[in-house]
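Below you'll find the structure, written out as structure tokens, and then a few comments.
Derivation of every value follows stated rules applied to the coordinates shown; laboratory data play no part. Small disclaimer: the values here were computed from a predicted structure and weren't measured. FYI the Cβ positions are ideal-geometry reconstructions off the backbone, even for glycines, and counts take in every protein chain you see.
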Amino acid sequence: MSTALSLCGRNLVGFLSIACFNLADPQILLGFLSVASIDFLKGGAVLLIEMDKYKKTREIGYGGFGNVYQGCNRVTNENVTLKELWFPDEKEGVPSVVIKEISLLKEMEHSNIVRLLEVVSAVNENSVYLVYEDMECDLQKFMNDCPKIAKDPDFIKRFLQQILCGLAYYHSHNILHQDLKPQNMWIDRFDYILKLADFGWARAFGGSFKKIGYLDVTHWYKAPELLRCQQFSTPVDVWSVGCIFAEMVTRRPLFAEFSEVHQLLKIFSILGTPTWPEGTTSHLFANCYSKDLAAAVPGLVTLEPAGIDLLSKMLCINPSGRITAHDALKHAYFDNIEFEV
Amino acid sequence: DREIGVIGFKSLQSSHDMTGNWIKCARLEAITWILKTRAIFGFRFQTAYLSVTYFDRFLSRRAIDSEKSWAIQLLSVACLSLAAKMEECRVPALTEFPVEEYNFNSKVIQRMEFLVLNTLEWKMGSITPFAYIHYFITKFCKDSPPRNIVSRTV
């Protein structure tokens, strides 16, 4: 036993202590010991991929069910993003929402979606860490650091196309992202590949990913039906992409109010107030539906007419009239694109 | 070291033949337990089916040594609990699963859940024949699909 212990090091001690103090049956203790030792000795088959494999370097944000860290693999030195998920209730075991979400994410494989490398468990803690590939720069930072490139119409087009490709993939799997914003999009500065990330696990836990040191922009990209707490579906993501599209062009957030109510009023003041099916229209804004977007937002003058057309279809207040990610990719705006993604 | 190594879970290549017969019996017992427990909690049949696929997938990647019937029992609990979490609206607490001979506390079961999840690489959303059964039943008996046909099919 002592040999095995010394061979297996910390992983085993953690595992053992749980088995040891909570179980009366000594056989179980022995069994668990061998579980850990045999896997360690054989090297190939890893039993529980432990958090020891990674080092947290700094906290970068927080979201739905725990913090988000930048980290690195102790062996390969490869940088990763670590998303912590902790379980409040031990009696329940691994929560069903965690199992469902991770098994979904495991199926996601797309060049415009940040890859989930593996899931590691933290011994003695009621949590797991999702290990994602790391990318050095998000879209927000990119727009600040490299304004010249980020302002280039071809780059905007190329980024928008990649956002929509990733989103169409999500939607084709019946997955809503619900937390699209520039801080959740990673850019590789070498080949300008953009990838969607989902660190807040918004759809599972209703929590948005908030980056440390950034403004809380949770509601800036929220679709009106979300702000109004109405039923919603995939169109909410297209709305967010529309807001980000406009932001890339004008260099400032399209709707950036400090509260959700103001946010909704701001949307109506720019786009006009729609007639909602239930007839709950605010009288103040009646009859100003579908304003000319280019006239309402002066910064958009640099955008070509096809771009304006696509943007106004993405920012259609009525979700059922909003263009889908799939159709947006076929829009004339992308006809003359020079890059193939 | 070797002593310790041969008890409990093993990598698949070693002593595969010796355990063949034992594992067949153990699997049968596990399935019996899963079906009995399914009835107790009122789980759907696909939940039981799914848990058996987890059980088999797990054993195709890791072998369990004979004489370790507690390990089989613990594996059955973890598989059924995981399947219930994928399929059922209401999932019992880990300690509510009726295990007669052993006393597994929730921490140990949760560890086993992790072990299963990692072994199956968290790919838990397997499609079972139950996804298609209703479709085919409606195709075959257009007018009046017999009642309880799914359970009878099982």
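Listed from fewest to most Cβ neighbours within 10 Å, the set A:D179, A:D154 follows the order A:D154, A:D179.
Here's how it looks for B:I64: its modeled amide H is under 5 Å from those of B:K10, which are all 5 or more places away or on a different chain.
Summarise the partner chain shielding of A:84-94 as one whole number: the mean count of Cβ atoms from other chains within 10 Å of each residue's Cβ.
Working: counts 0, 0, 0, 1, 0, 3, 6, 10, 8, 17, 13.
Averaged over the peptide's residues, the number is 5.
Sort B:K68, A:K181, B:K24 so that the residue with the fewest other Cβ atoms within 10 Å of its own Cβ comes first and the one with the most comes last. Display every interim value, and only then the final one.
Details: B:K68 21, A:K181 25, B:K24 10.
Ascending number of Cβ neighbours within 10 Å: B:K24, B:K68, A:K181.
When the listed pairs A:K55/A:K83; B:K85/B:K142; A:K83/A:K106 are checked against a 23 Å cut-off, the alpha-carbon distance exceeds it for B:K85/B:K142. For peptide B:71-79, the mean count of partner chain Cβ atoms within 10 Å of a residue's Cβ comes to 1. Sorting the segments A:235-244, B:41-50 by their residues' average number of neighbouring beta-carbon atoms within 10 angstrom, most packed first, yields A:235-244, B:41-50.
When the alpha carbon coordinates of segment B:27-137 are projected onto the principal axes, the ranges are 43, 29, 23 Å, largest first. Read phi for every residue in segment A:237-243 and hand back ³J(HN,Hα) as whole Hz from Karplus 6.51 cos²θ - 1.76 cosθ + 1.60, θ = phi - 60°, with x for Gly and Pro. My calculation for segment A:237-243 gives 6, 5, 4, 4, 5, x, 4 Hz in order. For the residues of B:106-117, the average number of beta carbons from a partner chain within 10 Å of their own beta carbon is 6. Under 5 Å from the amide H of A:Y54 lie the amide H atoms of A:R74, each residue being 5 or more positions distant or on a separate chain, with H modelled from the backbone and absent for Pro and chain starts. The ranking of B:L28, A:L293 from fewest to most other beta carbons within 10 Å of each one's beta carbon is B:L28, A:L293.
Mind checking the alpha-carbon convex hull of segment A:103-203 and giving the volume per residue in Å³? Each step should come with its number before you reach the end.
Details: hull volume 11.0 nm³, N = 101.
Dividing the Cα hull volume of segment A:103-203 by its residue count gives 109 Å³.
Note on segment A:49-133: the C-alpha convex hull projects to 5.8 nm² when averaged across all orientations.
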